[in-house]
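Below is one structure, written out as structure tokens; the observations come after it.
The values are calculated or read from the model by the stated rules, or taken from the named source; none is laboratory data. Remember, it's a predicted structure, so these values are computed and weren't measured experimentally. Positions of Cβ are backbone-derived with ideal geometry, glycine not excepted, and every protein chain shown enters the neighbour counts. Keep in mind that these areas ignore ligands, DNA and RNA; they rest on the heavy atoms of the full protein, side chains included. Shrake-Rupley method; radii C 1.70, N 1.55, O 1.52, S 1.80 Å.
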Amino acid sequence: MAGGIDRRFVYNVDWVLLGATLALALVGVAMVSSATHSGRHPDLYLKQLALVGIGTLGLLMAATLDYRRLADRAVLLYVLSVVALLYVLRFAPVIAGTRRWILIGGFQLQPSELVKLAAAVFVAKVFSEYRQETLGLRDVALPGGAVALLSFLIAREPDLGTAACLVPLFLVVAFLAGLRMRAVAGLAAVMILLAALTWPFLKDYQKTRVYTFLDPRWTPAAPGTRRSSRRSRWARGGSWAGVPRGSQAQLGYLPARHTDFIFSVLAEEAGFVGVVVALGLYLLVLWRMLETARLARDRRVRFSWPASRGASRSRSCTMSPWSRDSCP
């Protein structure tokens with residue numbers, strides 16, 4: 001111990017992953033500041049910066065926890081997630097036509113973001129307890145139904161984007177757990193059928209987003225949507241080094257420029273170089289997380305948590321609480 005900090009823990013931290021994550025957070029703060037400095041809320045970046053600090057403190061707190069205790073409470077976390085989503089649907093204020101946020105002080109808490117973490121822990125816990133090498137459709141019915149319930153409740157807010165995020169989360173974990181290719185094909189068929197059945201119930205703007213995703217050149221029918229889509233493409237078509245305080249972002253042509261169109265702000269003001277740097281940081285984060293999962297010996301860690309990389313560095317097996325189960 002040195003000054004109350006275990007030096008072995010400091011050694012096992014993946015500083016590259018941590019640095020890339022913080023760099024992305026600071027890029028986000030800078031873009032929010034640029035997008036809002038001439039609007040009604042020029043100090044919005046301060047709130048964003050405060051949230052980065054809160055998130056960093058949360059990271060440090062999580063680093064002191066034994067992940068096995070969290071995994072053992074996976075069912076409780078799942079139940080709390082369902083209760084939180086039901087509460088949002090019933091009692092949350094309507095903001096921009098949706099019920100997604102709980103107001104706490106001056107901040108808006110979006111439970112669906114925490115639900116994604118709880119879903120990852122729950123699914124990893126269930127699949128880690130399977131002992132067979134390959135899995136069939138029956139083996140994924142329980143976790144699949146549990147994730148489908150969360151997706152349904154989130155979609156009811158409505159928040160189709162977050163609800164859709166749970167689908168690849170489940171599929172990746174199921175594949176890593178040993179889902180057979182025939183089962184993958186059957187599961188894909190079921191999901192396509194469900195998508196076809198739910199399509200008539202989607203709102204027009206949700207259908208527009210699906211159309212645009214499948215064909216980026218597709219022009220939405222709604223005039224306002226068409227104009228927003230065109231302006232976002234103009235902003236992304238900037239120069240190599242960008243145009244600081246660009247016209248599309250600063251003159252109000254981009255709606256929700258500090259949220260939905262923040263990437264367009266980045267592309268216009270930082271240019272091709274800035275976009276490559278941001279995407280490179282995302283790729284670096286993804287690579288380090290996948291590498292950490294590959295090195296983990298505990299199935300629960302491999303399926304859900306970006307644990308410490310100490311397993312590949314320390315012969316004495318003195319690792320942080322994140323990777324303690326990797327010890328032989």
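A few points about this structure:
- Considering all C-alpha pairs of the range 71-214, those separated by over 18 Å amount to 59%.
- Phi-based couplings in Hz for the range 28-36 (Karplus 6.51, -1.76, 1.60; Gly and Pro marked x): x, 4, 4, 5, 4, 4, 5, 6, 10
- Stretch gain in nm, segment R180-L59, where the contour uses 0.36 nm per residue and the Cα spacing is subtracted: 40.0 nm
- Cross-link partners for K125 among the lysines, with Cα-Cα distance under 23 Å and sequence neighbours closer than 8 places in the same chain left out: K116.
- For L179, the residues 5 or more places off, or on other chains, whose built amide H falls under 5 Å of its own are L135.
- Length added when fully stretched, A188-R73, from 0.36 nm per residue minus Cα-Cα: 38.4 nm
- The portion of the accessible surface of the range 1-115 made up by carbon and sulfur, rounded to a whole percent, is 69 (1.4 Å probe; DNA, RNA and ligands excluded).
- Multiplying the residue separation of Y205 and L286 by 0.36 nm and removing their Cα-Cα distance gives an extension gain of 26.1 nm.
- Here the label points at V94 and Q108, each 7 Å from Cα along the C-beta direction, are separated by 1.5 nm in the simple model.
- The range 83-156: chymotrypsin sites (Phe, Trp or Tyr not before Pro) in DSSP loop, at most 16 other beta carbons within 10 Å: Y130
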